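Right, one structure below, let's go through it.
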Amino acid sequence: MRKRLLSQKIEKALNAQMTREADAAQFYLSVGSWAEVQGFEGIATFLYGHVQEERGHMMKLLKFINQRGGHGKVEPLAKAPADPKTLKELFEWVLTHEMENSRQINAIVDMCLREKDYPTFNFLQWFVAEQLEEEALATKLLDKMSVIGEDKGNKGGLYEFDQDIAGMHDAEQSRGADPS
């Protein structure tokens, strides 16, 4: 048994975040499947890539909790959302989801500062930086959807967007840090 180096309060918050990361993987899996069924294979590939990324985040948290003498516990997952009505709605959900995730991570960071748990604070800085990138990417995609204007019947623009986004996740990953 390892020596406990986390307060129970921080351990509980990290476990909740780990579950949120697992929920995020389920979210991306659900909307990725919807995109694939709608014929947007590039968007589906992009979203499926995020499934693996979120699972990596979950494992990063689990390993950290366990290494610091806590016990990483996965709680039941939230139900996947209903299907979006449009691609724009899908990317609005993505942005909202990422912003909420950032808020939750920032709350844990704040908790670490209050408890003077600097090792956990330092560990979470990777997640803070990751969320900055995720929010920027989601905003960029939503902006592109606005330019394309799917409500204007711009099928050619949607086709090009679908093709462009397929490689976007890999490009973003190659610039970022490895989540493991």
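The values are calculated or read from the model by the stated rules, or taken from the named source; none is laboratory data. The shown structure was predicted, so the numbers you read here are calculated from the model rather than taken from an experiment. When we count neighbours, we look across all protein chains shown, and the Cβ atoms used for this are built from the backbone with ideal geometry, even at glycine. Ligands, DNA and RNA are excluded from the accessible area calculation, which covers all protein heavy atoms including side chains. Shrake-Rupley method; radii C 1.70, N 1.55, O 1.52, S 1.80 Å.
Sort through 51, 74 and tell me the only one that's in a loop (DSSP other than H, G, I, E, B), within 17 Å of the chain's Cα centre (by Cα) and farther than 20 Å from residue 122 by Cα.
Matching residue, one of 51, 74: 74.
Just checking, does the range 129-152 include any residue being assigned to a helix (DSSP H, G or I), modelled with pLDDT under 60 and over 30 Å from residue 109 (Cα atoms)?
Checked the range 129-152: at least one residue is assigned to a helix (DSSP H, G or I), modelled with pLDDT under 60 and over 30 Å from residue 109 (Cα atoms).
Looking for something under 18 Å from residue 23 (Cα atoms), of a type in the set (Lys, Arg) and at pLDDT 95 or above - is there at least one such residue anywhere in the range 97-104?
There is at least one residue in the range 97-104 that is under 18 Å from residue 23 (Cα atoms), of a type in the set (Lys, Arg) and at pLDDT 95 or above.
Is the range 82-95 home to any residue that is open to solvent by 60 Å² or more (accessible area, probe 1.4 Å), under 30 Å from residue 39 (Cβ atoms), free of Cβ contacts under 8 Å to residues at least 24 places away in the same chain and not in a helix (DSSP H, G or I)?
yes
Out of 129, 82, report the one residue that is hydrophobic (A, V, I, L, M, F, W, C) and either over 24 Å from residue 14 (Cβ atoms) or more than 13 Å from the chain's Cα centre (by Cα) (or both).
82
Please verify whether the range 67-78 includes one or more residues that are modelled with pLDDT under 90, of a type in the set (D, E, K, R) and either open to solvent by 50 Å² or more (accessible area, probe 1.4 Å) or in contact with a Phe, Trp or Tyr (Cβ under 7 Å, 6 or more places away or on another chain) (or both).
The answer is no, given that none of the residues of the range 67-78 is modelled with pLDDT under 90, of a type in the set (D, E, K, R) and either open to solvent by 50 Å² or more (accessible area, probe 1.4 Å) or in contact with a Phe, Trp or Tyr (Cβ under 7 Å, 6 or more places away or on another chain) (or both).
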